[in-house]
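What follows is one structure encoded as structure tokens, with my remarks underneath.
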Amino acid sequence: MNAVSRPDTTVSGLDEDKLVLLQELVRGLSPAQLYAVAAHSAALAEQRPAVGRSLAAVAPASKPPATVLYGSQTGNAKRLAERLMRQLESEGLPARLVRADAYRSRDLAQERLLFVVISTQGDGEPPDDARGLFDFLTGKRAPALSQLSFAVLGLGDSSYPEFCAIGRAIDARLAELGASRLFAAGEADLDIDEVAAPWLDEALVRAREQLSVASHAPASIHALPVATVSTYTRETPFAAAVLANQRIVARDSEREVRHLEISLAGSGLRYQPGDALGIWPEHSPADVAAWLEVLGLDAEAPANRAGRELPLSRWLSTELELTRLSRPFVAALALADSDLAEALAPGNQAALSSLLREYRPLDLLHRYRPRWSAQQLVDALRVQTPRLYSIASSPLAVGEEEAHLTVTVVDFIAHGLSHRGAASGFLADGGEGLAPRVFVESNERFRLPEDPSRDIVMIGPGTGVAPFRAFVQERRERGASGRQWLFFGNRHSRSDFLYQTEWQEALRDGSLHRLDLAFSRDQREKIYVQHRLRECGAELYDWLSAGAYLYVCGDAEAMAKDVHATLIDIAQVHGGRSPEGAREWLDDLLKQGRYARDVY
Ligand code: NAP
């Protein structure tokens, strides 16, 4: 057996012996180390001085690489960590990128330079992939870290009271363990880049200093390609055509749910079951008019933000977040109102939480009628953020240039005003010419098992069923031998049984083995998916004990927590575990990636 593949002499121009030597030399090096070797060679070729030093500076023996560690629920923290990693690599700085659940906690004591990018779940919890690490860090086993320099970027949503709580806790804990904080923790709100971009710049500057590599990396290193699948990204989305857009609940259903088929043709965008499609919302002219009217402002009035000047109507239609209330918006309004100022006072968390939950920005504008200029309005709002929808199709079943979505249209009346969802309303009302700007958000934590003989259990009430349509399609196309069990729930069986005929067909053709249903409003007492889980507890526990994978998708606030608690009960009743043992068992499944959640 020959471990070194035969080198291609025609490409390199090196003779075979040298190439074999070179391949031996670089075998096993990380990408960052390979870039460092390339930088060294380029400097040698250009006969620049200090060449020996620059390689020494990046050699792993003399300077351990920086670690970029991320914990991500919806992909934003991951995206930023990857961005930092690309920047470090492009400068030839030695670094590695690690997802929190792949991080070996014993490595912590050896780290010298650590950048943490981590989100906070709505209610102040870590993302699923970072639970284990967070517990370790905040627990008694965490080592003293006087050797370590670090910086933390927290991500969150300021419409929740526990905004960035996890980033803050990690930042404080690392310092408590003796590590040196390089610069203040970033706390990024939904308009992530406003905080993240300067934080990433600062991290790069500090990494250069700490790793003592000349900042003038050769141009050839900057030009090293970064693997990309498509030129379309979150920042440069693809204007997609809509192939189908239909209501999939009965006419008299209490809510509108739509099935969309979106063409990705020509975009190069690719996805896997479990991934989400990001949609940039656009507010309708009627929505924009409602905002202009309440403030008595002119659509054409110019306003600036981040170095761009646009007419106010453009800021409101595509650039700014109009449907979610944020703390900074309340703070801007509070300048002229003492009631609101009180809600913001320290210790008044409950009042602020209920304000943020119950009102939308337009409700407050109607109530307080501030005398704002176009510029003041633009300053008070957050930038628009895309909405993520779990993709409801498998590329193997529908073709790789097509993605399906299942969308509940948010539509309600509150405080005398009618409110429609920013993205769901846009998708529902867009009509013939609808061309949503889209991108693919990968979700590595929500994947089918690699082993097709493993059983899977899927819990997806409401539109949470979307990714499970993709899973069932995918496993059918691949001829997977493992069994599939779906728990679905919705309000009424007659009107809200999403994809009913498809599930029945899947049961017939053997691609779905079991379907348990919970229609909450078909009877007086509510029946939810967790009631069905409990009824099937013994069998469910058997499946999981035999290695089945468990997936939950849908509402994070109530459903996912209740399902989690029910699973703990099931492990006690049917697995004979203590309450603590049952919790550990479930945490362990989470850490192993055998219990995955796509909830928000
Ligand atoms: P939903 O409002 O979650 O309702 C679906 C069913 O769940 C209803 O029968 C509801 O009953 C029931 N339910 C209410 N509280 C529950 C609880 N504590 N435990 C278990 N079931 C409960 O349905 P939806 O409007 O379709 O929303 C789905 C959720 O999934 C949203 O939060 C959405 O953000 C999230 N999500 C969607 C996607 C996607 O791609 N579509 C992906 C990830 C997450 P009652 O209303 O009768 O009480």
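Would you call residue 227 open to solvent by less than 40 Å² (accessible area, probe 1.4 Å), assigned to a loop (DSSP other than H, G, I, E, B) and either modelled with pLDDT under 95 or within 30 Å of residue 359 (Cβ to Cβ) (or both)?
Working: open to solvent by less than 40 Å² (accessible area, probe 1.4 Å): no; assigned to a loop (DSSP other than H, G, I, E, B): yes; either modelled with pLDDT under 95 or within 30 Å of residue 359 (Cβ to Cβ) (or both): yes.
No; evaluated as a whole, the condition is false for this residue.
Could you list, in sequence order, all residues of region 445-466 that are closer than 12 Å to residue 273 by Cβ and either among the aromatic types (Phe, Trp, Tyr) or surrounded by fewer than 17 Cβ atoms within 10 Å (Cβ to Cβ) (or both)? Before the answer, list the steps.
Going residue by residue through region 445-466, those that are closer than 12 Å to residue 273 by Cβ are 446-449, 456, 458, 466.
Once the filter is applied, which keeps residues that are closer than 12 Å to residue 273 by Cβ and either among the aromatic types (Phe, Trp, Tyr) or surrounded by fewer than 17 Cβ atoms within 10 Å (Cβ to Cβ) (or both), region 445-466 yields only 446.
Residues checked against (1) in a loop (DSSP other than H, G, I, E, B); (2) among the small types (Gly, Ala, Ser); (3) surrounded by fewer than 19 Cβ atoms within 10 Å (Cβ to Cβ); (4) out of contact with any helix residue (DSSP H, G or I) (no Cβ under 7 Å at 6 or more places or on another chain):
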{"residue": "133", "(1), (2), (3), (4)": "no, no, no, no"}
{"residue": "140", "(1), (2), (3), (4)": "yes, no, yes, yes"}
{"residue": "143", "(1), (2), (3), (4)": "yes, no, yes, no"}
{"residue": "146", "(1), (2), (3), (4)": "yes, yes, yes, yes"}
{"residue": "152", "(1), (2), (3), (4)": "no, no, no, no"}
{"residue": "183", "(1), (2), (3), (4)": "yes, no, yes, no"}
{"residue": "195", "(1), (2), (3), (4)": "no, no, yes, yes"}
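From the list 244, 250, the lone residue that is away from the ligand (no atom under 13 Å from the Cβ), in contact (Cβ under 8 Å) with a residue 60 or more places away in the chain and small (Gly, Ala, Ser) is 250. Exactly one residue out of 308, 367 is touching a residue at least 12 places away in the same chain (Cβ under 8 Å) and of a type in the set (D, E, K, R), and it is 367. Within region 488-499, being open to solvent by less than 30 Å² (accessible area, probe 1.4 Å) and near the ligand (Cβ under 10 Å from one of its atoms) holds for 488, 489, 490, 496, 498. Taken over region 273-309, the residue count meeting the criterion of being open to solvent by 70 Å² or more (accessible area, probe 1.4 Å), of a type outside the set (D, E, K, R) and touching a strand residue (DSSP E or B) at 6+ places or on another chain (Cβ under 9 Å) is 3.
Considering region 529-600, the qualifying helices (runs of 4 or more DSSP H), each wholly inside and each with 2 or more residues that are away from the ligand (no atom under 16 Å from the Cβ) and either open to solvent by 40 Å² or more (accessible area, probe 1.4 Å) or aromatic (Phe, Trp, Tyr) (or both), run over 537-545, 559-575, 579-592.
The values are calculated or read from the model by the stated rules, or taken from the named source; none is laboratory data. Since the model is a prediction, treat every value here as computed from it, not as a measurement. Every residue, glycine as well, gets a Cβ built from its backbone with ideal geometry; the counts of neighbours run over all protein chains shown. Only protein heavy atoms, including side chains, enter the accessible area calculation; ligands, DNA and RNA are left aside. Shrake-Rupley method; radii C 1.70, N 1.55, O 1.52, S 1.80 Å.
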